[in-house]
Amino acid sequence: MTDTGTHGRRRSAAWFGAGGRSGMVYRSWMRNQGYSGEVFDGRPVIGIATTWSELAPCNSHLQRVAESVKRGVWQAGGFPLEFPAMALGETLMRPTAMLYRNLLAMEAEELIRANPLDGVVLLSGCDKTTPGLLMAASSVDLPAIMVTGGPMLNGKYRGGDVGSGTQVWRFEAELAAGRMTEEECFAEGCMARSNGHCMTMGTASTMASMAEALGMQLPYSASWPAVDSRRYETAQRAGQRIVAMVEEDLRPSQIMTRAAFENAIRVNAAIGGSTNAVIHLLAIAGRLGVPLSLDDFDALAREVPTLVDLQPSGRFLMEDFCYAGGLPVVMRELGGLLHTEAATVNGRTVAENVGDAECWNREVIRTLDDPFQEAGTGTAVLRGNLAPNGAVIKQSAASRHLLQHRGRALVFDTPEDYIAVHADEDLPVDEDTVLVIRGSGPRGYPGMPEVSNVVLPPKLLRKGVEDMVRICDGRMSGTGFGTVVLHVAPESAVGGPLALVRDGDWITLDVPARALTLEVAEEELERRRATWQPPPPVAARGWSRLYTERVLQADQGLDLDFLVGSSGHEVPRESH
Ligand code: FES
């Protein structure tokens, strides 16, 4: 049977509307859950894809969010069915949750297509769950709406606010410098004190904001704290809305257009969002066939100032951002820099959604005339002989005096190699040294972990050095900071030039010129290339092997090559 669309006969009717033995089987087994027969009367069947898990603490409240969504679906005349999709918890998963983003995307794509669903609500929270579900929904292209789980309340410690993640990096540096003891920096129970994802503008908050900026979740959804009643009210409204979206046949491909991605990139610059958004947006766009390149990020972000004074670049946290008015205020402020005619899941345009947004705290959300950071200080894309396919740096999290820097390389093949010796007093390093950390890319690690902002050598920290240039083919946590060149492509494990750097080579970083240069003659690099040996495969079997064999490089979003594009929502053949 082919797709019946949402006009006339629904997709779910191929199951629940079927006659004979098949229809009886489909309906009868569902009735073992206590559903009465009228739920099979042709009403829209709405899947609720939840990434709930006790192993993903940031998503541990999504069952409650799902209950609110279900309430809305029932209210609007739909039939809600919750199903689990792989939960990816950033803090516990090894070697890195990023290794599994594509597995979640693949699993959710197949689950949505294989089941009798007419539309889907996507419940996410922790970093990779939002892009993973958006990638899946993009490839299936059934009506879909996202509900992120919301940030934790502000951390509170000794009378002040502490941000999850960001504060951990600061504690680590203070500890290494000998300025704090383990006991003094003990803030475990005070930092993560409610349900929700990290409450800095880290990757989770960034991707929740991206989902809203792309038009895939209802206005204000990104910032309601996870424990705020309005989070659950919003989830209920999303449940109501998805039923209408099925009637309207409003699908991700109609919402996440090139214009929507341009909006998201500019919003990311305005909120001081995570560099991980670059990778995730590239991957989502790839699923939709929307042309998007690394250079688009630089070009589009250059004219956008940072408006939001949030950690890790600034002072405040997501709870403050929410009370200041949230993302609609930022989008209203950006005004002419956005495609305000872009469609969103509620059937209204961006202009209609944000037109009456009011700011309640100008310290947290600044204006275009008085921004937190000037235009051009967001994520920059670098190129040069050290990163022929590009690298990125988050300028707002870097030290101004290091944005143009020349120094000698000190090279480590893996982040573990560096950590093993970084505290040695005789480590040949000073504040001008450029730390090169390789072996951290998509294939080499595998999964491109967030290891790039390695802690500085303690002997320099004790001298008061707070930042150094670091260059890596890995990623950095959205909560991290420092002058760190990330996502170097191609990565060292596939023979990218990063693999050819040697101790003592001069490296020049020139962010204003967008250049990253290894000052070694091409002939010498050719000599080194001729003797370079690829590292042995890091994965012998299973998902990791498939991943390392088929993953794309950072400049292409790290999707698996055979998952790029759409597979649609045609009803699969029947097996009985
Ligand atoms: Fe889940 Fe930070 S660890 S969002």
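Just so it is clear, none of the values below were taken in a lab; they were calculated from the coordinates. What you see is a predicted model; the values in this text were computed from it and never measured. For neighbour counting, all protein chains shown are included, and Cβ atoms are generated from backbone atoms with ideal geometry for every residue, glycine included.
Below is a table of values for the structure above.
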| read-out | value |
| --- | --- |
| Cβ charges +1 (Lys, Arg) and -1 (Asp, Glu), total dipole of region 455-531, debye | 400 debye |
| Antiparallel DSSP beta bridges within the chain, percent to nearest 5 | 45 percent |
| Two-site label geometry, residue 389 and residue 529: point separation in nm, points 7 Å out along Cα→Cβ | 1.4 nm |
| Region 494-576: trypsin sites (Lys or Arg not before Pro) in DSSP loop, at most 15 other beta carbons within 10 Å | 502, 541, 573 |
| Partner aspartates and glutamates for residue 70 [C-alpha distance under 17 Å; skip if fewer than 8 residues away on the same chain] | 38, 82, 118, 233 |
| Cα gyration tensor shape of region 154-307, rounded if a/c is under 1.5, else prolate or oblate by comparing a/b with b/c | oblate |
| Amide N of region 397-440 lying under 16 Å from the label point, which is placed 7 angstrom from the Cα of residue 502 along Cα→Cβ | 408-413 |
| Segment residue 351-residue 561, extension gain: residue separation times 0.36 nm, minus the distance between their alpha carbons | 72.0 nm |
| Region 534-576 versus region 228-260: alpha-carbon centroid distance in Å | 28 Å |
| Using a Förster distance of 35 Å, the FRET efficiency for residue 369-residue 249 (Cβ separation, nearest 0.05) | 0.25 |
| Radius 15 Å from Cβ of residue 296, net charge of other residues (Lys, Arg +1; Asp, Glu -1) | 0 |
| Charge sum, other residues only, whose C-beta stays under 13 Å from residue 90's C-beta, Lys/Arg counted +1 and Asp/Glu -1 | +2 |
| Dipole magnitude (debye, nearest 20) for the chain, charges at Cβ of Lys, Arg, Asp, Glu | 1520 debye |
| Qualifying lysines (Cα of each under 21 Å from Cα of residue 394; at least 8 residues distant if same chain) | 128 |
| Charge context of residue 442, other residues only, Cβ under 9 angstrom, K/R +1, D/E -1 | -1 |
| Cβ-placed point charges (K, R +1; D, E -1), dipole of region 28-185 about Cα centre in debye, nearest 20 | 200 debye |
| Where a label projected 7 Å from the Cα of residue 55 along Cα→Cβ would reach, residues of region 536-576 with amide N under 15 Å | 543-544 |
| Restricting region 257-330 to GluC sites (Glu not before Pro) in coil, as DSSP defines it, with at most 12 other Cβ within 10 Å | 303 |
| Estimated distance in nm for a label pair at residue 170 and residue 63, the labels positioned 7 Å out from Cα along Cα-to-Cβ | 3.6 nm |
| Mean ellipticity per residue at 222 nm, deg cm²/dmol - from DSSP H runs of n ≥ 4 across the chain, formula -39500 (n - 2.57) | -9500 deg cm²/dmol |
| Set of aspartates and glutamates with alpha-carbon distance to residue 463 below 14 Å, sequence-local pairs under 8 removed | 174, 425, 430, 431, 432 |
| Pair residue 361, residue 179: separation of 7 Å Cα→Cβ label points (nm) | 2.6 nm |
| Gyration tensor (alpha-carbon) shape descriptor, region 194-254, a/c threshold 1.5 | oblate |
| Extreme residue, positive dipole direction of region 190-271, given options 223, 192, 203 (C-beta unit charges) | 192 |
| Chain lengthening between residue 416 and residue 75 when straightened (0.36 nm per residue, less Cα-Cα) | 117.4 nm |
| FRET efficiency for residue 462 and residue 229, using Cβ-Cβ distance with R0 set to 60 Å, rounded to 0.05 | 0.80 |
| Packing-based ranking, highest mean first, of 281-288, 384-391 given that Cβ atoms within 10 Å are counted | 281-288, 384-391 |
| Sites residue 302 and residue 21 - FRET efficiency at Förster radius 56 Å, r taken between beta-carbons, to 0.05 | 0.35 |
